[in-house]
Amino acid sequence: MQLLVGSKVRSGLLFFAIGACPLVRGQSALAGPMSVAQIHYFASFFERVGSPDVPAAVDTVQERSVARIFDMDDAESAQLHAAAQEYRAEMAKLRSEETALVSGKSSLDASDRAALSSLIQARDRLVASAAQALLSSIRTATASRIMSDAGQTIRLRARIGVN
Amino acid sequence: MMRNAVLVLIVGAALGIGKLDALDWAGWVGCIQVANSTCPLDQGTYTLPESSGQVIALRPANGVVMEGSGTSNYSTTLQRPASATGDLIYVAPGTTVTISNLTIDGNRYSFPNQYGCATQDGWCGPQGGSGCTVVNWNQVIEIDGDSGSTVNLDQLAVWNTAGSTPVYIAGGTVQWSAFYYSRSTGPWLRGETPGAVYNTSFEYNGTAGLRLSTPPSPSPMGSTVVQNSTFYQNRYEMSDGYAGGQLYIDYGASSVTVENSDFNGNNWVTPAPPTLINNCNPPTQPQGVAGVEIEPQSGVRGQNSVLGNEISGNTGGGISAHSVSGLVVSGYSAYPSAFKYVENNTGNTPPQNTPTDGIKFVAIAPYGSSTGVTLSNVLSRGNSGYAVDFGGDAAASGPGWEGQHCLQASYITSMSLTNPQPATTDTCP
């Protein structure tokens, strides 16, 4: 599994079309472009299984657990593992750039904020690409379980005031 | 400067202006004091101010959303000042607050010889220990949701906390959050108002990953759901000195539903002294970990349900139910439609070194036998002890066995159940 993230994350476009991803295979559980709320859901999903900010052993535990929770078979678990590994590697780069931007500064100027905004956009592209790749490589029933969970999370977030 | 920020926020709130750009620390502290504000904090690590070793707590107003910014919830961290006690965040009665996209660092190893057990000087639990200063763990709380408040946690990481109850909330939704490496318990949901825990991780906490409780009668008890969550090798340090469960359902706690979650004990047994765990002394005797521990009189105001959970690798039993007053156990859950096993809870349960049961019932004095017990389509296999064991509670009562069960080991039933014998099948799903 290959995720669509440029090595120069800050040079990316402000807008992107998920459907244009050439590496998406098969029928995705998503009918169209991902909404902001769905991207936020999958950001949480991939942070759970592939965060570069926690020990790799913790991610591994979560990865196995998430596979069980969503009733993934062995092939799907392998796809999840690949997606988590890619996410972790790419997020490590974004987090490194982010840390470099803010370290030693008591306040952020306009150029800092613009650079940070670009990093968040790059994160969103990474998440959307990883989600599409995962959803298109697993069984429809498994994808439906994940999207059902996404729906529940999005409803709850709306209720508690989180976008 | 801060007054100006507050003024802007008040005017903004009055005009109905939505989400602000991320704020610096002074602006953020002002923002959270304005009711119904959404307050994003700039990326970075912020050590809270203190005075004479006491944290100056953040006290958000009603309806406030406190959130970090950046590429992940690890981008923005609130850190406990070294060796300081007190609340980091205090939520007053009647107040609803949401905390999102943040990390809270409890900074436990900054406490010399005490909460963090950073040096090899003693056990430092509530009962003290050789060379230890006895301290009040209850004075170290990261999020203190007072009685009648509602605290929602979304994408929050809490780690390295020193207190016995680092996150103490009356009710609210906890989702996509993570609680790691606490000296003691992860969050404690007190259950005054309905609570829910979704997609949340609990790993390597010193005692239970999650404690679910209830206020004394006659206070109302909200229902609580735990779903799609991960419990892994909690009760790692056993800082209270005793065995217990990764999920702790407290005395009298009622209307709790635990479903489609994963309880993996990683076969953990605390080592015998002088081996240390995170530089702290372990209990004097090795102790095992249960997956779900359910205490006396739980279920008395609405039965508890443990449905469709994967419960494995726990050396103190998969589910350990003590004199309960209303409990349903099933291998199946309705949401999401799935089945899971209590399985491979192996080895021996210390210190008695008896084989580890899948599901066990024990009568505890002075509470007597369990009541209201229903076993519905139980899936229990591959455990070193019994699949289901009523040997410690031979007079447990209730509807008893319902449906078809997969019990791939022997079992001990209670003849006081209305249906005392299970219909078993060797063809497990």
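The values are calculated or read from the model by the stated rules, or taken from the named source; none is laboratory data. Fair warning: this is a prediction, and the values are worked out from it, not measured in the lab. Virtual Cβ from ideal backbone geometry, glycine too; neighbours counted across all protein chains shown. Calculation scope for accessible area: heavy atoms of the full protein, side chains included, ligands and nucleic acids excluded. Shrake-Rupley method; radii C 1.70, N 1.55, O 1.52, S 1.80 Å.
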Item to check | Net dipole in debye of the protein assembly as shown [+1 Lys, Arg Cβ; -1 Asp, Glu Cβ; about Cα centre; nearest 20] | outcome: 800 debye
Checklist outcome for this item: Per GNM of chain B with C-alpha springs under 10 angstrom, the most fluctuating residue out of B:Val388, B:Val29, B:Val269 is B:Val29
Checklist outcome for this item: Honestly segment B:154-293 on the Cα gyration tensor test (a ≥ b ≥ c root eigenvalues; a/c under 1.5 rounded, otherwise a/b vs b/c for prolate or oblate) is just prolate
Checklist entry - Chains A and B: buried accessible surface, both sides, probe 1.4 Å, rounded to 100 Å²? => result 3400 Å²
Checklist entry - Modelled label-to-label distance, A:Ala92 and B:Asn266, 7 Å Cα→beta-carbon offset: nm? => result 2.0 nm
Checklist entry - For the Cα atoms of chain B, what angle does the longest principal axis make with the long axis of helix B:2-14, in degrees from 0 to 90, nearest 10? => result 70 degrees
Item to check | Amide hydrogen neighbours beyond the local backbone of B:Asn419, cut-off 5 Å, H modeled | outcome: B:Gly400, B:Trp401
Checklist outcome for this item: Ignoring ligands, DNA and RNA, the residues of segment B:56-74 whose accessible area with a 1.4 Å probe is reduced by 50 Å² or more relative to the chain alone are B:Thr71, B:Tyr74
Checklist entry - When the accessible area of segment B:57-424 is split by element with a 1.4 Å probe, what percent falls to carbon and sulfur? => result 50 percent
Checklist entry - Can you give the average number of partner chain beta-carbon atoms within 10 Å of each beta-carbon in peptide A:88-99, as a whole number? => result 2
Checklist entry - How many angstrom separate the Cα center of segment B:170-249 from the Cα center of segment B:54-80? => result 21 Å
Checklist entry - How much of the DSSP beta bridge set in segment B:57-424 is antiparallel, as a percent to the nearest 5? => result 5 percent
Checklist entry - Which whole-number value in Å² is the accessible area per residue of the protein assembly as shown, probe 1.4 Å? => result 36 Å²
Checklist entry - Can you list residues whose amide H is under 5 Å from B:Leu153's amide H, if they're 5+ apart or on another chain and H is modeled 1.01 Å from N? => result B:Ile99, B:Thr173, B:Val174, B:Gln175
Item to check | For chain B, built as a Gaussian network whose Cα springs stay under 10 Å, the top-fluctuating residue of B:Ala170, B:Ala290, B:Ala395 | outcome: B:Ala395
Item to check | Exercise: per-residue mean of other protein chain Cβ atoms within 10 Å, A:62-69 | outcome: 6
Item to check | Within a Gaussian network of chain B (alpha carbon springs, distance under 10 Å), most fluctuating of B:Thr165, B:Thr38, B:Thr47 | outcome: B:Thr47
Item to check | Three-way shape label, segment B:20-64, alpha-carbon gyration tensor, a/c 1.5 | outcome: oblate
Checklist entry - Taking the highest mean first, how do the peptides A:140-146, B:209-215 order by number of other beta carbon atoms within 10 angstrom per residue? => result B:209-215, A:140-146
Checklist entry - So for the protein assembly as shown: antiparallel DSSP bridges make up what percent, rounded to the nearest 5? => result 10 percent
Checklist outcome for this item: Order by accessible surface, 1.4 Å probe, largest leading, for residues A:Phe46, B:Phe339 comes to B:Phe339, A:Phe46
Checklist entry - What's the average, rounded to a whole number, of partner chain beta-carbon atoms within 10 Å of each residue's beta-carbon in A:152-160? => result 5
Checklist entry - Under the Karplus relation 6.51 cos²θ - 1.76 cosθ + 1.60, θ = phi - 60°, what is the ordered set of whole-Hz ³J(HN,Hα) values for segment A:96-104, x standing for Gly and Pro? => result 5, 5, 5, 4, 4, 5, 9, 5, x
Item to check | Table column - 3J(HN,Hα) (Hz), segment B:232-239, Karplus curve with 6.51, -1.76, 1.60, x for Gly and Pro | outcome: 9, 6, 6, 6, 5, 8, 6, 5
Item to check | At least 50 Å² accessible surface lost relative to isolated chain, residues of segment A:110-134 (1.4 Å probe) | outcome: A:Arg113
